[in-house]
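See below for the structure under consideration.
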Amino acid sequence: MYFNANKIIKKRIEFATSHKDNKLDIAYGIDKNFFLGCAVSITSILVANPNLNFSFHIFTNYINDDFEKKLEQLANKYNTDITIYLVDDNNLSNLPTTKNWTIATYFRFIVADYFYNKIDKILYLDADIICKGSLQELFTLQFDNNIAYVVTEKDSIWWNKCANRLNEHKLSSGYFNAGFLLINLKKWQEININSRALKLLSDPDLSKKFTHLDQDVLNLLLLEKVKYIDRKYNQQVSINYELKYKSNVNCYSPISDETILIHYIGPTKPWHSWAKDYKCSQYFLNAKSASPLNSTPLLSPITTAQMRYCAKHKLHQKKLFSGIICYLKYCLRKIKI
């Protein structure tokens, strides 16, 4: 078992339209649950940066004709390059996963392996990130012998908790969110990050400590080898935090004018039907309207957890009838389980 891109990538589908130089390569690692999010994320970057050139790379373990067609339309509409890499994830099946962290979280390691010796750097983004500002600065950042540019997660209280949980006191000085990684591919390979990560993740005793899986591992392996960039490049937003506020007067508003990348963390995503009425979701919805997926409906709740959150949000939004219906569906599903 190894993050070897040459052995894992089964198929490559390319929509190359721009043929321009001075591009920033941006990669995503997704499963089918993030199709809509990924396409809208790409659209948001293109809409917010009309004068910059990009090449997008999507690593996924599943593809269907509709999503493939929509990506081709997206590439043509915005004169950009999009490549799909179909991944065989069988060799990764023994790695730890959770309800919220699927096997696709490990595709970022395949990304790093695939692009080594092809390009110098790549920006890895989670597919639940929306762009609302210029990425110009990322084209010219110098690594200064560091492996990556990253953005801290939460605050020093959280860093200390992570330091204690992972038994590494140096993490109390900073713990980053792996949804944004501007990677120096040469240094990543030199330090042998992939094989070292695999070793840690495959150790059953060590992996028990990893509540955030590869993010925990990367924080350990990249310790003191990263440069921190402003939080405007990974402003985390949890739509479920909206439930804490009783009205729009004192609403949840972590997004500022300076924010460039909005990261929708947590189980409720802006492509879920019960999230559409919140102000923080509008950035996603605006980008969706500018994409070939404009007419694609937002996703309805499928799992019990989604039904529960749907009910909570509907009731919070004073949509009593639909909230009660969703709650009843949740209860019926729980009974069947």
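Quick notes
- Residue match in the range 85-98 (condition: in contact with a strand residue (DSSP E or B) (Cβ under 7 Å, 6 or more places away or on another chain), over 15 Å from Gly29 (Cβ atoms) and among the acidic types (Asp, Glu)): no
- Of the residues making up the range 230-244, those that are free of Cβ contacts under 8 Å to residues at least 40 places away in the same chain and open to solvent by 30 Å² or more (accessible area, probe 1.4 Å) are Gln235, Tyr241, Lys244.
- Within the range 13-132, helices (runs of 4 or more DSSP H) holding 3 or more residues that are at pLDDT 95 or above and open to solvent by 50 Å² or more (accessible area, probe 1.4 Å): 65-78
- So Ile183, is it at pLDDT 95 or above and open to solvent by 10 Å² or more (accessible area, probe 1.4 Å): no
- Residue pairs meeting the criteria (Cβ under 9 Å; at least 6 apart or on separate chains; first modelled with pLDDT of 90 or more and among the β-branched types (Val, Ile, Thr), in the range 246-270; second open to solvent by 50 Å² or more (accessible area, probe 1.4 Å) and assigned to a loop (DSSP other than H, G, I, E, B)): Ile255/Lys132; Thr259/Lys132; Ile260/Lys132; Ile260/Ser134; Ile260/Asp230; Ile262/Lys132
- Scope the range 203-228; condition within 12 Å of Phe180 (Cβ to Cβ) and open to solvent by 20 Å² or more (accessible area, probe 1.4 Å); matching residues: Val226, Tyr228
- Residue match in the range 140-156 (condition: under 26 Å from Ser291 (Cβ atoms) and of a type in the set (Val, Ile, Thr)): yes
The values are calculated or read from the model by the stated rules, or taken from the named source; none is laboratory data. In this text, all values refer to a predicted model and were calculated from it rather than measured experimentally. Cβ sites come from the backbone with ideal geometry, for glycine too, and all protein chains shown count toward neighbours. Accessible surface areas use protein heavy atoms only, side chains included; no ligands, DNA or RNA. Shrake-Rupley method; radii C 1.70, N 1.55, O 1.52, S 1.80 Å.
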